[in-house]
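Beneath this line is the structure, given in structure tokens, with notes to follow.
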Amino acid sequence: MDNSREALKAFLDIISFDRILSILLLCLFAWLFLVLVQFCLNQLNNKLPKYRLIWNRSYPFVRLFVWLGVIIYSIIGIIDPHENLILAVVGSISIVVGLATQEPAKNLIAGFIIMLNPPYRVGDMVTLAGHYGEVIKLEWSVTWLRTFDDNTVMVPNAEALKTAVSNANSGALDEMVVVKFTLPMSVDHNKAIALAREATQCSPYTFLNKPIIVNLGNDYSFGQYQQTIIVKAYVMDVRLEKKFVSDINIRVLSAFKNAHFYDEQQTPPT
Amino acid sequence: MDINLRLFSRFGHWASNLLAPKRSLKSESDDAQQGLISLKTIANQYPLQIGQGQLTEAVPTRPFYSSDRFVGREQQLNQMTEVINLWRNHHGEISAIVAPAGAGLSAFLGYMPTLLQQIQDNTEHAVPTNAKALPNTWLIMSFYQAPLSAFAAITNLCHCFNIAPPKRISDSSITDTIYAINQQAPQLIIIDDLHKLMLRMMGNYQALVTFATIIMETRKHHCWILGCEKYAWQRLSAQYQITHFIKHIINIDYFNAQELANIQTQQLVELGLISADYLKQKPAEKPNNHKSDTPDDTSETGVNPYDEQLKQLHTISQGHPKLAALLLQHSLKHQVETTSDNKHKIDICKINSSALQQCQDNDLFSLAEIYVHGGLKVEQHAHIFAQSIEQSSLQLAYLARHGLIIAQYSQQDFAQHFYFITPTLTKIIASHLVNNNKLFN
């Protein structure tokens, strides 16, 4: 380009009513398409909830490719700029990349990395930036969580790459839940283990296709030695985690109380 | 761009409402006009409902384990013959027959005496060997009360052999029981509905372990055959590793199109709609010249006039024999009501399962437990779900009102009401529960 005046003229030539309208129409169609995709996915979720994680995790990819397609087609197919202008835009993008330390760009790049190499997916139960909840939406720059208090938490994607992410189910519907019980040292530990295992098995929310593990430990607190029973079992659906924990507590504590484990006058096992 | 705009959310809601059937306003006659049959209508046609579902009136009109109308299952019968012959040749192991609810497991077990007779007949013509003689006595039984202690399990097993059970449990009770059972003459013992022995209540684990120990230790002397529901078997395998103790597992599935067509052809013959000649030939076979006695004489063409309906029946019922029989009967009846012309052109009514779609998560959990246990009392349901008996009673009554389960009412105590999955709907309900992550393969 000979001078800046010519460059500006070339740029203004690109901006025409037809082209803007075409781009807007293209965006509208892409948007409608995505609405349709999401509607279909919701219908599938309702019909086959068992596979909801599979449907949900596909949506961020569809959205990414649709908008990527829109951008590429708008530039190449509709705007069709002069090659020098492309070089100028590439230069501008280089500056943006250079400024990637800025938070929004950092989150966008982090979001892209998360989609390519995901530490979590939609439907997973994760601890992210100190918040524990279900991933309900995965966007370019942020991840949305729903906590068990029914709060929606927005976490910038850069956080996911910066800190450790704890994923409880990694794409599966079932999830391991750990519940700890404390018993006086005088209690018959074999009986306690058997009762804890059977009480957990009796919960209707226990995923019986995976094993129930009961571990015995000991602890010294409040000036006395105690036994700890740790129950590790899988819940059928990650969304039932808290309900399951409560149910195990009800059942195991009832079993322990029926066996008089918490009575003050404990008779040591013979 | 965020696509979750409120406008589209409303549009989606409106579209869903528009597309969804108006469930609450629909009546049975509306369904019938559209060629549909509701789950409630299906449940109402279960024989128990005629007697208001009271336990005292539930007397079957024909023997429960009947070998008449037995169709197909050739491969499984061959496997059973091998199992019995292995036992006779001193390689006795416990065998299990696993089938989904309503696939005809009880009918298969009911056929065992006939099979024994066939083996006996073959043995008489065979060269004598040192194989054991076939047992003189055989026993088919089903437990309706799951044991909740080792003592209850021992008592139940002692009753099977007419042995006096021990008065109280002791360290030697199991050993004594095993010894006493092994002193009895060899028997063929068939336990139907093994899943009814499994209950998600405290104490059941020890009872099952005791039960398994006794039958393991007596398997060489007596021939044990266990029948279990498919999804309950999955639970038993995962939690109790039952497959480690059972050598022969025979799988039965719902009927294929050909087998189901044979069963339904029999029903059509009994209704006098077609000639009995169709029972002797396959649908695709060429016609014979046998004259039909029925007024509806279309057998000269050789093709079953209801062939198309039989195909529809298999598609809709997915091979469930009781559901297919009910659908055929209902469709024929409805056809007679609307028009008496051209009986062969009837369309088999489809199932309106909207009641199942309306179920909430806790309803589905209840259905799953009732399905796997083969039925639950109100008090058992309350115990399993850690809720009050009143809450359980209301929840089960709700499911029964929609035809998903059937009640057998106790005269004395509402906590003793027994609820079980409508037998004709087992396949539909199980599929729904699997899709909703409540039952697992």
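There is no residue in the range A:184-196 that is buried (at least 17 other Cβ atoms within 10 Å of the Cβ), without any contact (Cβ under 8 Å) to a residue 40 or more places away in the chain and not acidic (D, E).
For beta carbons closer than 6 Å, sequence separation of 6+ or different chains, a first residue in the range B:188-204 that is more than 10 Å from chain A (Cβ to nearest Cβ) and a second that is among the polar types (S, T, N, Q), the qualifying pairs are B:D192/B:S106; B:D192/B:S142; B:D193/B:S142. Considered as a group, the residues in the range A:44-77 that are at the interface with another protein chain (Cβ under 9 Å from one of its Cβ atoms) and over 21 Å from the mean Cα position of the chain (by Cα) include one that is surrounded by the fewest Cβ atoms within 10 Å (Cβ to Cβ), and that residue is A:K47. Among the residues of the range A:215-237, those identified as on the phi < 0 side of the Ramachandran plot, surrounded by fewer than 20 Cβ atoms within 10 Å (Cβ to Cβ) and hydrophobic (A, V, I, L, M, F, W, C) are A:L216, A:I230.
Identify the residue in the range A:228-243 that is within 12 Å of chain B (Cβ to nearest Cβ) and of a type outside the set (S, T, Y) and, among all such residues, is nearest to A:E198 (Cα to Cα). The extreme case among them is A:A233. So which pairs qualify, if the first residue must be in the range A:197-211 and more than 7 Å from chain B (Cβ to nearest Cβ), the second must be of a type in the set (F, W, Y), the Cβ gap must be under 6 Å, and the two must be at least 6 apart or on different chains? Cβ pairs passing all conditions: A:Y205/A:F244; A:F207/A:Y234; A:K210/A:Y234. Among the residues of the range B:407-424, are any closer than 16 Å to B:K40 by Cβ, part of a loop (DSSP other than H, G, I, E, B) and more than 14 Å from chain A (Cβ to nearest Cβ)? Yes, the range B:407-424 contains at least one residue that is closer than 16 Å to B:K40 by Cβ, part of a loop (DSSP other than H, G, I, E, B) and more than 14 Å from chain A (Cβ to nearest Cβ). Look at the range A:17-31: where a residue is within 12 Å of chain B (Cβ to nearest Cβ) and a partner is part of a helix (DSSP H, G or I) and surrounded by 14 or more Cβ atoms within 10 Å (Cβ to Cβ), sitting 6+ places away or on another chain with Cβ atoms under 6 Å, you get A:A30/A:V66; A:A30/A:V70. Going residue by residue through the range B:356-376, is there one that turns out to be away from chain A (no Cβ under 14 Å), over 27 Å from A:Q43 (Cβ atoms) and touching a residue at least 24 places away in the same chain (Cβ under 8 Å)? Yes, there is a match, as at least one residue in the range B:356-376 is away from chain A (no Cβ under 14 Å), over 27 Å from A:Q43 (Cβ atoms) and touching a residue at least 24 places away in the same chain (Cβ under 8 Å).
A:A158 falls short on exactly one of the conditions (1) within 11 Å of the chain's Cα centre (by Cα); (2) away from chain B (no Cβ under 14 Å), and that condition is (1). Every listed requirement among (1) more than 12 Å from chain B (Cβ to nearest Cβ); (2) touching a strand residue (DSSP E or B) at 6+ places or on another chain (Cβ under 6 Å) is met by A:S186 save one, (2). A:M176 meets each of the listed conditions (1) at pLDDT below 90; (2) part of a strand (DSSP E or B); (3) surrounded by fewer than 16 Cβ atoms within 10 Å (Cβ to Cβ); (4) not polar (S, T, N, Q) apart from (1). If you go through the range B:363-409 and keep only what is under 23 Å from the mean Cα position of the chain (by Cα) and of a type in the set (G, A, S), you end up with B:S366, B:A368, B:G374, B:G375, B:A397, B:A400, B:G403, B:A407. Summed over the range B:395-441, residues that are charged (D, E, K, R) and crowded, with 23+ Cβ neighbours inside 10 Å total 1. A search for C-beta distances below 8 Å between a residue of the range B:307-336 that is of a type in the set (K, R) and any residue that is part of a helix (DSSP H, G or I), counting only pairs 6+ apart in sequence or on different chains, returns B:K311/B:A257; B:K311/B:A261; B:K322/B:P423; B:K322/B:T424. Checked against (1) at pLDDT 90 or above; (2) within 13 Å of chain B (Cβ to nearest Cβ), A:E139 passes all but condition (1). Just one of the listed residues (A:T143, A:T127) is among the polar types (S, T, N, Q), touching a helix residue (DSSP H, G or I) at 6+ places or on another chain (Cβ under 7 Å) and within 26 Å of A:Y51 (Cβ to Cβ), and it is A:T143.
The values are calculated or read from the model by the stated rules, or taken from the named source; none is laboratory data. Being a predicted model, the structure only gives us computed values, none of them experimental. Positions of Cβ are backbone-derived with ideal geometry, glycine not excepted, and every protein chain shown enters the neighbour counts.
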